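Okay, structure first, notes after.
The values are calculated or read from the model by the stated rules, or taken from the named source; none is laboratory data. This one's a predicted model, so the numbers in the text were calculated from it and none came from an experiment. Cβ coordinates were reconstructed from backbone atoms using ideal geometry, including for glycine residues, and neighbour counts include every protein chain displayed.
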Ligand code: F6P
């Protein structure tokens, strides 16, 4: 079989580990042939590919990013997009696809499968918010990067008797904020799942100062205050039509400063959380997902996504992965609240 591999959406540490294991097992055990499509769905849409053999995947396991490039191209939003993909696959002799991506990329894979394209999906997002899988690779790396930043911020906050607000990624779900905040000993954690009361946040900050310690507040980029408290529009569309979040950390620091009369600073970790080498956990998870994805493709089990459930890798229908976002349950948030202000 000739199989096309693509990576779509925001990049994520571990993508190369998936590509490597798909190709290594696919060639060595099953004798399949691979090509790499460039830049997510743009590759098959425009017929842009590159060779993908054992030589091309050598040495990429620890490398962040993706050797195939990525984009947020959606063929369903382009006139004749699906037909173009089908034609290009036929022209390049590609029998099937392994699509590695998040909500959007796998959403496209689901629809293409319904239209007869043979595809297997692999879940990825640092946000850990895809349904049907307990973890996505990239999440552990992002959490570790954010945790290390929080560890460092404790000492400088302490020295200057300041509040430090750390804004982390997480558009729809607060997994990174929750885990990094717990691991880094944050004094307040704010998630998109639960609108926060800015006065309550200021009270937690005061309580922490009263104990002669400096507060660290971790906030997801997608978190927002109770209705009526927001003074800043922090969601807009960029020139490419992508939703841009920003400003919640800065806004919050200003509010804390105004309400407590003590200095506050903001650190926006941004894309640092997505760059660089994956942790051991993410390398192993990504490798296992790749191995199971090529098994599914070899068996012709199309329309499936490989997923981590417990410690097992299982196959679930692609539709399940994109049906509902996996957000932080409020009981998990309540566990963290014990530490707020203390
Ligand atoms: O992929 C998820 C994510 O990391 C979000 O948390 C964040 O909002 C988004 O990507 C930003 O991605 P980009 O800057 O690539 O559009």
One residue from 51, 62 being surrounded by fewer than 16 Cβ atoms within 10 Å (Cβ to Cβ) and under 19 Å from residue 126 (Cβ atoms): 62
Evaluation of residue 69 against (1) surrounded by fewer than 20 Cβ atoms within 10 Å (Cβ to Cβ); (2) part of a helix (DSSP H, G or I); (3) within 14 Å of the ligand (Cβ to nearest atom) (one fails), failing number: (2)
Residues being farther than 21 Å from residue 192 by Cβ and assigned to a helix (DSSP H, G or I) - total across segment 145-177: 11
Hits in segment 210-246 - residues which are modelled with pLDDT of 85 or more and surrounded by 18 or more Cβ atoms within 10 Å (Cβ to Cβ): 214, 215, 216, 217, 218, 219, 220, 221, 222, 223, 224, 225
Qualifying residue in segment 91-103 (condition: assigned by the TED database to the domain that holds residue 293, more than 16 Å from the ligand (Cβ to nearest atom) and out of contact with any strand residue (DSSP E or B) (no Cβ under 7 Å at 6 or more places or on another chain)): yes
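Out of segment 104-113, which residues are surrounded by fewer than 24 Cβ atoms within 10 Å (Cβ to Cβ) and either without any contact (Cβ under 8 Å) to a residue 60 or more places away in the chain or more than 16 Å from the ligand (Cβ to nearest atom) (or both)?
110, 111, 113
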Residue that is nearest to the ligand (Cβ to nearest atom) [pool: residues in segment 12-30 that are in a loop (DSSP other than H, G, I, E, B) and surrounded by 22 or more Cβ atoms within 10 Å (Cβ to Cβ)]: 12
Failed item in (1) in a helix (DSSP H, G or I); (2) touching a helix residue (DSSP H, G or I) at 6+ places or on another chain (Cβ under 9 Å); (3) more than 23 Å from residue 142 (Cβ to Cβ), with residue 182 passing the rest: (3)
Candidate set: segment 114-143, residues that are in a helix (DSSP H, G or I) and out of contact with any helix residue (DSSP H, G or I) (no Cβ under 6 Å at 6 or more places or on another chain); chosen: the one nearest to the ligand (Cβ to nearest atom): 139
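Which ones in segment 272-290 are more than 16 Å from the ligand (Cβ to nearest atom) and surrounded by fewer than 18 Cβ atoms within 10 Å (Cβ to Cβ)?
277, 280, 281, 284
Scan segment 251-271 for residues that are in a helix (DSSP H, G or I) and either without any contact (Cβ under 8 Å) to a residue 60 or more places away in the chain or surrounded by fewer than 15 Cβ atoms within 10 Å (Cβ to Cβ) (or both) and jot them down. Walk me through how you get there before you give the answer.
Restricting attention to segment 251-271, the residues satisfying the condition of being in a helix (DSSP H, G or I) are 251-260, 270-271.
Residues satisfying the conditions are 251, 254, 255, 258, 270, 271.
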